[in-house]
Amino acid sequence: MPESSFLCLGAGAGQDVGRSCILVSIAGKNVMLDCGMHMGYNDDRRFPDFSYITQNGRLTDFLDCVIISHFHLDHCGALPYFSEMVGYDGPIYMTHPTKAICPILLEDYRKITVDKKGEINFFTSQMIKDCMKKVVAVHLHQTVQVDEELEIKAYYAGHVLGAAMFQIKVGCESVVYTGDYNMTPDRHLGAAWIDKCRPDLLISESTYATTIRDSKRCRERDFLKKVHETVERGGKVLIPVFALGRAQELCILLETFWERMNLKAPIYFSTGLTEKANHYYKLFITWTNQKIRKTFVQRNMFEFKHIKAFDRAFADNPGPMVVFATPGMLHAGQSLQIFKKWAGNEKNMVIMPGYCVQGTVGHKILSGQRKLEMEGRQILEVKMQVEYMSFSAHADAKGIMQLIRQAEPRNVLLVHGEAKKMEFLKQKIEQEFHVSCYMPANGETTTIFTNPSIPVDISLGLLKRETALGLLPDVRKPQLMHGTLILKDNSFRLVSPEQALKELGLTEHQLRFTCRVHIQDPRKEHETVLRVYNHLKGVLKDYSVQHLPDGSITVESILIQATAHSEDQGTKVLLVSWTYQDEELGSYLTSLLKKGLPQSTP
Amino acid sequence: MAAHLKKRVYEEFTKVVQQQHEDLSAKKLRLTKPSKSAALHVDLCKATSPADALQYLLQFARKPVEVESVEGVVRILLEHYYKENDASVRLKIASLLGLLSKTAGFSPDCIVDDAINTLQNEKSHQVLAQLLDTLLVIGTKLTENPSVRMRLVEVACKHLTDSSHGVRNKCLQLIGCLGPVEKGAAKEVESQAARDVQKIIGDHFNDQDPRVRTAAIKAMLQLHERGLKLQQAIYSQACKLLADDYEQVRSAAVQLIWVLSQLYPESIVPIPSSNEEIRLVDDAFGKICHMVSDGSWVVRVQAAKLLGSMQQVSSHFLEQTLDKKLMSDLRRKRTAHERAKELYSSGEFSSGRKWGDDAPKEEIDTGAVNLIESGACGAFVHGLEDEMYEVRIAAVEALCMLAQSSPSFAEKCLDFLVDMFNDEIEEVRLQSIHTMRKISNNITLREDQLDTVLAVLEDSSRDIREALHELLCCTNVSTKEGIHLALVELLKNLTKYPTDRESIWKCLKFLGSRHPTLVLPLVPELLSTHPFFDTPEPDMDDPAYIAVLVLIFNAAKSCPTMPALFSDHTFRHYAYLRDSLSHLVPPLRLPGRKLVSSPVSPSIVPHEDPSQQFLHQSLERVYNLQHLDPQGIQELLEFTIRDLQRLGELQSELAGMADFTATYLQCQLLLTKALQEKLWNVAAPLYLKQNALASAAAKQILEETYKMEFMYSGVESRQVVIIHHMRLQAKALQLIVTARTTRGAEPLFGMCEKFLQEVDSFQRCFISELPHMQGSFVDKLLDLMPRLVTSKPSEVVKILQTTLRQSTFLHLPLPQQLHRATANIIEPTGESDNPLRFTSGLVVALDVDATLEHVQDPQGTVKVQVLYPDGQAQIIHPKPADFRNPGPGRHRLITQVYLSHTAWTEPCQIEVQLLLAYNSNRSKASAKMPKSTWSESLETLPQPENGIEGTIPFSKPVKVFIMPKPARR
């Protein structure tokens, strides 16, 4: 039984959040999935270790393609470094929205690292552009043929605009890589969906491996209620957000709520990055959820009516307002400035929509600190209300299980999560689906054995002929078929024997089996023959049994002749002869005859 | 052969002619047409190539074929079928055979054999499938013939082994539609098909083609629909199909499982991989719940819908559907709903959430967490969160149905329904509000839930707000804070959307009357009274103040201690509101207070019984009219009419009845006036004024009778007779007046004829009611009928005149319930001074919003009329979708009317009015069947005479200022 293997190499993802980079070797093809960076490091460790892939030799020769699942930096941040600085010239695949938004984020990231922090030896704007030239954009459910054997196909993944899961297929072996995905729809994106593709391996993220989340509606309602109440009593609401993804969801949420409730208070959005990205959100309507897709004919939901661009001066305006500002953790920039201005008034409110890293202002106020020390020994007293509202777009444990149920993989591999949590999920998966589950660490290689089916070409004539013989073909049962297997030029063909003979230039040899059966029968030969004939006729009702005038019997193509034994006249010798094609029937007949004839009835 | 065929064609042709002799008038036209079959035959013979033949057939298929020639056509088609080599032409012929056998009145008995024979030598799978389809058509037309059905089923069974999915598909369909349902019949017929059809179909559940699998399940469902009891053994097979790769198979399988769960709810099935056993309905419920998280939304919708109708399921299974154990980092977490409930029960209200407030507490056993439950866990949680709104709506509907049958479930699902009020799609929100209303008698809202519900009051969609008001009308609130909260939010709503006034008042009326004890402690605060100081008197015209009063007065109705808390001006305001908004303010017993100053003091306000009595008494009085002198009659009638009209204004419940009677008496009054004796003795040409008066009276009576007949709902046939009788009298009067004013008998002749015809049809329509009409006009008229028919017009008129004057006044029996159709245009209000400007020649849309009460079938009858200042009137039929039905007997018309006109020099007013269209045909048809109401039964026998169509205005006209400007160049 042939076995082929997947080589899965966690160059960066493994049991860790951030820096996704997975190498898959499938049937001799090497594919790199995602090329992320780690936000926590500022040295070499931020990028995956590409030297791991090939010790010597060019990456382009080794890798067949690179696939990027979505535009978050922990999934695409190292791409320019990888392609331009390390050197890779092969194709890079991503979806259209990812291709559009990815360079914006990379450029922003570059600016912060190089211009603000003053680092050198980092990729340049030109490198980002050059890198993007290598990108091939794919559509949802479009099968892209990378080369003759390797094909990839994208599925919708939710999470952020343009996020996709990829199916990688070589011959009949396939891997599905989920990237980050979300199984519950939100205000602007739908839920991840995959068909029953039954891959050999499913590589799934597992950020929330041990969490089952509450309904989104409660959270949304809480959020809206809080904003609404604050605005009604004349307070200002500050929502620090990361530029892309959640910000759009919250915008849509507030926009529709304003529309529904006829509210008039202004909503502002801090300019820059997000505004640019919003254009793309407007363009890629097909990637959004049902509501936005259905209503965009009347109005594109991303053309906000109530949300306007923010100007620094607006922060001092009297009256209620809602402001979205970056960055999300309140550690610097516009959001911090506005926070300082508004913190003193108890009518105001700040809503933290995401997780905050320790040490940031966001983390401090969330943990209940009311007096903050700012630079310059200033003490800032926080009187405004502080709320936490989590809006995460990853699948929870239930979602992951649901996806596994949809795809029906033969093996599951968990990445992008914490080891302890993954352990729990692994156990669950093995228990529920009875498939093996792996969770490699960084740099670890997992080999999975598959049981590939080998396709064989069969000529239509032969197929029709053979199926016509038996009953209706049934997918669930294997079916016997006669033919000749020709192995030629690395391909298999099943042809009829005649054709095979013709192709090979051979002449056909007849193979006949002959068997003698002794029967005790004192009667005359022709009477014996008659008895045998009657007996067979009685037993083999479905076959054509004929008594030929020359004293022999044919059953289909099997010939039976009876002669008296040369020594003992009471023993008759039955000669049974059949070709090898009729082996089954022939051996059955002999065994039947060996049992002897039934007692004759007078 | 051809000659033989032609002969048959001509035979048939002559047959047609013969029939025409029998019924000459109806079939005159067909004489000139050549027979269809002949023409087809000629065409097909002419066809040189298959493409040509196909063209002829296509052309032929466009025209209908008469019943008589169907058989001939079929024979010709069959003839060509055998000759034809091209599969596509045979396919078309096969489909034509099916079409032809559908012809109404044609019995396909005679072609069954031929049709079955064609199957024998057919090689093309497509044609075979089409032929089987034809057989199906034939079979469905011959359902009463078991032997034909048997044969067809047998044929189908034979072809089940075909290699093409299309053929197998059709075979299964045929077996499903025609397979024997009764056990007995199957035994009698000794044939292959007598085998169990269920088994045959069941074998194909495992077919290799998903389309065939689907067809097999559908066939099974079809058998079920036709009344065959499916075997329980199928259940396990169907369960396997739920995991099929193809969505249409899964979708059908879900249906099949549902059917089986309804058939064998109580049988026991084992749970695989354990020794336990559960009821089949529970098992099926669990399986269908599982399908709510299927990959295909079609299946999800199907599953969610079916869940609603599984009412026998055990309650713990049911409650699991709302259960989703939350966890975070392997520790059990409480849901937001649970937290809200806890906050509520612990007495403190939400303090605003801190980060980590929802931090998970208990550790959970990793082994015990089931991530994909086999049971029903969280099915509705998933369904309600689905990405497709179709699924969400289906889930909400299912919740509604299940909650209606199980109060405990209703209590549990409340949180989820309340959450749905914030859905992004308005339809879903609306649906969940309606659902909540439907289950509202089972539930009591907690304060935090009420809070969420009330937040929706600010929605900008009027439909949502009104649905919510409707919901609040029948909600139970648990605390006085809840009531206060509701009131505050409703008042906020009122200031934001003043047009909601009526709806909010009505809502508060019910809120008050449902919770008198909760309102009681709030009264001093609401009325802002103070134990020592007098507070300023609130403004009586303030809608918000009226709203508060409506709440309090309705609560006071069943809470006698409440009026003690009122201050002086409250009593005065009560009196005022009781009179001006009598439908919202109930009568109160106010102890120790004599409110003589009020126009209708509570002591005088008649209760329902006395006022009804009054109505009947006044009618009694009127029925003794005969004995009075004409002057007396008139006076009595006038007084009674006045009384009744006033009564209608005061007692809204009796308004319909009072108005109806008043109108009737009005008619009688007019008739009496017109027939005053002394005036008629004057020579006709000399007394023009009398003629004018009489003809005007006749015209008005006619109008009023139409109003009586069509504007009231609940009119029974007894009333209809009397109304028609009145109309007949009016027509008689018209005839007399015409006879007096016109010279020459020529025009009279036709009129008399027509009148007599009407009397005749009256007699035919109301033959059963005639015995009750002793001494009436028509009674006498029918006695004289033989004379009338033979006499001259002038004599007829004379007879009519005397009969009319001698006839007695008919008593009008009152039905149980009688409501007058009313319409009230809410928008446009007609108060705006700003003209609606638009460029002449272009169109402007005017929003019209109106409430309709007691209008039956508003989609068909209500029209909008726009009257321009130049007298031009335009009648607009609103779309059926513009009508909404917020409650029984009530309708809401929200539509847009497009206006256009040529340029005007200055703004001018147009009138917008609602009309009720009627058609007298319908009433007559319904009068024939005393049981049915007048609105239905359009399809009854066609009336010989033309029905009179007309419209009745039934709303006050509203004036709208418009200004078409000349177009700028």
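The values are calculated or read from the model by the stated rules, or taken from the named source; none is laboratory data. Note that the structure is predicted; figures quoted are calculated from it, not measured. All Cβ positions, even for glycine, are placed from backbone atoms using ideal geometry, and neighbour counts span all protein chains on display.
Of the residues that sit in the stretch B:882-900 and are more than 12 Å from the chain's Cα centre (by Cα) and among the polar types (S, T, N, Q), which one is nearest to B:Thr861 (Cα to Cα)?
Residue satisfying both the conditions and the ranking: B:Thr895.
Among the residues of the stretch B:138-177, which ones are assigned to a loop (DSSP other than H, G, I, E, B), of a type in the set (A, V, I, L, M) and within 27 Å of A:Lys464 (Cβ to Cβ)?
If the condition is that a residue be assigned to a loop (DSSP other than H, G, I, E, B), of a type in the set (A, V, I, L, M) and within 27 Å of A:Lys464 (Cβ to Cβ), then B:Leu160 is the only one that fits.
Hey, any hits in the stretch A:541-551 for a residue that's in contact with a Leu (Cβ under 7 Å, 6 or more places away or on another chain) and polar (S, T, N, Q)?
No, the stretch A:541-551 contains no residue that is in contact with a Leu (Cβ under 7 Å, 6 or more places away or on another chain) and polar (S, T, N, Q).
Mind checking whether some residue in the stretch B:62-72 is of a type outside the set (Lys, Arg) and touching a Gly at 6+ places or on another chain (Cβ under 7 Å)?
Yes, that holds for at least one residue.
Do any strands (runs of 3 or more DSSP E) lying entirely in the stretch A:84-151 carry at least 1 residues that are free of Cβ contacts under 8 Å to residues at least 12 places away in the same chain, and which ones are they?
A:143-145
Could you check B:Gln222 against (1) more than 30 Å from A:Gln406 (Cβ to Cβ); (2) over 32 Å from the mean Cα position of the chain (by Cα) and say which number it fails?
Failing condition for B:Gln222: (2).
Just to be sure I understand, how many residues within the stretch A:87-132 are under 20 Å from A:Ala332 (Cβ atoms) and loosely packed, with under 14 Cβ neighbours inside 10 Å?
Going through the stretch A:87-132 one residue at a time, the tally reaches 7.
Looking at A:Asp186, A:Asp222, A:Asp200, which one is touching a strand residue (DSSP E or B) at 6+ places or on another chain (Cβ under 9 Å) and under 28 Å from B:Phe380 (Cβ atoms)?
A:Asp222
Please count how many residues of the stretch A:400-420 are in contact with a strand residue (DSSP E or B) (Cβ under 8 Å, 6 or more places away or on another chain) and surrounded by 19 or more Cβ atoms within 10 Å (Cβ to Cβ).
12
Looking at the stretch A:487-505, can you tell me whether even one residue there is in a loop (DSSP other than H, G, I, E, B) and more than 53 Å from the chain's Cα centre (by Cα)?
no
Having 3 or more residues that are among the hydrophobic types (A, V, I, L, M, F, W, C) is the bar; report the strands (runs of 3 or more DSSP E) wholly within the stretch A:511-602 that clear it.
Once the strands (runs of 3 or more DSSP E) in the stretch A:511-602 are filtered for at least 3 residues that are among the hydrophobic types (A, V, I, L, M, F, W, C), what remains is A:512-520, A:558-564, A:571-579.
The rows are residues; the columns are (1) assigned to a strand (DSSP E or B); (2) at pLDDT below 75; (3) of a type in the set (Ser, Thr, Tyr).
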{"site": "B:Ala903", "(1), (2), (3)": "no, no, no"}
{"site": "B:Gln909", "(1), (2), (3)": "yes, no, no"}
{"site": "B:Ser926", "(1), (2), (3)": "no, yes, yes"}
{"site": "B:Ser932", "(1), (2), (3)": "no, yes, yes"}
{"site": "B:Thr940", "(1), (2), (3)": "no, yes, yes"}
{"site": "B:Gly947", "(1), (2), (3)": "no, yes, no"}
{"site": "B:Lys956", "(1), (2), (3)": "no, no, no"}
{"site": "B:Arg969", "(1), (2), (3)": "no, yes, no"}
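Counting only residues that are hydroxyl-bearing (Ser, Thr, Tyr) and under 39 Å from the mean Cα position of the chain (by Cα), which one in the stretch B:802-833 is farthest from B:Glu911 (Cα to Cα)?
Applying the filter and picking the extreme gives B:Thr822.
Among the listed residues A:Val237, A:Val231, A:Val227, identify the single one that is in a helix (DSSP H, G or I), within 30 Å of A:Asp74 (Cβ to Cβ) and at pLDDT 85 or above.
Going through A:Val237, A:Val231, A:Val227 in turn, just one is in a helix (DSSP H, G or I), within 30 Å of A:Asp74 (Cβ to Cβ) and at pLDDT 85 or above: A:Val227.
Report yes if some residue within the stretch A:157-169 is modelled with pLDDT of 90 or more and more than 25 Å from A:Ala393 (Cβ to Cβ); otherwise report no.
There is at least one residue in the stretch A:157-169 that is modelled with pLDDT of 90 or more and more than 25 Å from A:Ala393 (Cβ to Cβ).
If you take the residues in the stretch A:153-182 that are surrounded by fewer than 24 Cβ atoms within 10 Å (Cβ to Cβ) and assigned to a loop (DSSP other than H, G, I, E, B), which one is nearest to the other protein chains (Cβ to nearest Cβ)?
Top of the filtered list is A:Asn182.
Which of the numbered conditions does B:Arg334 fail, given that it passes all the others? Conditions: (1) within 14 Å of chain A (Cβ to nearest Cβ); (2) modelled with pLDDT under 90; (3) closer than 26 Å to B:Asn206 by Cβ.
Tallying (1) within 14 Å of chain A (Cβ to nearest Cβ); (2) modelled with pLDDT under 90; (3) closer than 26 Å to B:Asn206 by Cβ, B:Arg334 fails exactly one: (3).
Can you tell which of B:Asp451, B:Asp463 is closer than 20 Å to A:His228 by Cβ and either modelled with pLDDT of 90 or more or touching a Lys or Arg at 6+ places or on another chain (Cβ under 9 Å) (or both)?
Sole residue among the options that is closer than 20 Å to A:His228 by Cβ and either modelled with pLDDT of 90 or more or touching a Lys or Arg at 6+ places or on another chain (Cβ under 9 Å) (or both): B:Asp451.
Whether any residue in the stretch A:264-277 is within 30 Å of B:Val381 (Cβ to Cβ) and out of contact with any Asp or Glu (no Cβ under 7 Å at 6 or more places or on another chain) is what I want to check.
No, the stretch A:264-277 contains no residue that is within 30 Å of B:Val381 (Cβ to Cβ) and out of contact with any Asp or Glu (no Cβ under 7 Å at 6 or more places or on another chain).
Looking at (1) surrounded by fewer than 18 Cβ atoms within 10 Å (Cβ to Cβ); (2) within 10 Å of chain A (Cβ to nearest Cβ); (3) at pLDDT 85 or above, which one does B:Gly356 not meet, given that it meets all the others?
(3)
One line per residue, one yes/no per condition, for (1) of a type outside the set (Asp, Glu); (2) in contact with a Pro (Cβ under 6 Å, 6 or more places away or on another chain):
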position	(1), (2)
A:Asp542	no, no
A:Gln546	yes, no
A:Gly551	yes, no
A:Glu556	no, no
A:Leu559	yes, no
A:Gly570	yes, yes
A:Val573	yes, no
A:Trp578	yes, no
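Being modelled with pLDDT under 80, more than 29 Å from B:Leu654 (Cβ to Cβ) and surrounded by 14 or more Cβ atoms within 10 Å (Cβ to Cβ), is that true of even one residue in the stretch B:807-824?
Yes: one or more hits.
Check every one of the helices (runs of 4 or more DSSP H) wholly within the stretch B:485-542 and list those with 2 or more residues that are at pLDDT 85 or above, under 16 Å from B:Val585 (Cα atoms) and polar (S, T, N, Q).
Because the criterion is at least 2 residues that are at pLDDT 85 or above, under 16 Å from B:Val585 (Cα atoms) and polar (S, T, N, Q), the helices (runs of 4 or more DSSP H) in the stretch B:485-542 that meet it are B:501-514.
Working only within the stretch B:272-292, note down all residues that are assigned to a loop (DSSP other than H, G, I, E, B) and touching a residue at least 24 places away in the same chain (Cβ under 8 Å).
The answer is B:Val292, and nothing else.
Got a sec? Which helices (runs of 4 or more DSSP H) wholly within the stretch B:371-459 have at least 3 residues that are at the interface with another protein chain (Cβ under 10 Å from one of its Cβ atoms) and closer than 22 Å to B:Phe510 by Cα?
Helices (runs of 4 or more DSSP H) meeting the threshold: B:447-455.
One residue is enough: does the stretch A:213-228 have a residue meeting the conditions facing chain B (nearest Cβ under 9 Å), of a type in the set (A, V, I, L, M, F, W, C) and more than 34 Å from the chain's Cα centre (by Cα)?
yes
For the structure I just gave you, tell me whether A:Tyr208 is in contact (Cβ under 8 Å) with a residue 24 or more places away in the chain, within 12 Å of another protein chain (Cβ to nearest Cβ) and either buried (at least 19 other Cβ atoms within 10 Å of the Cβ) or more than 27 Å from the chain's Cα centre (by Cα) (or both).
yes
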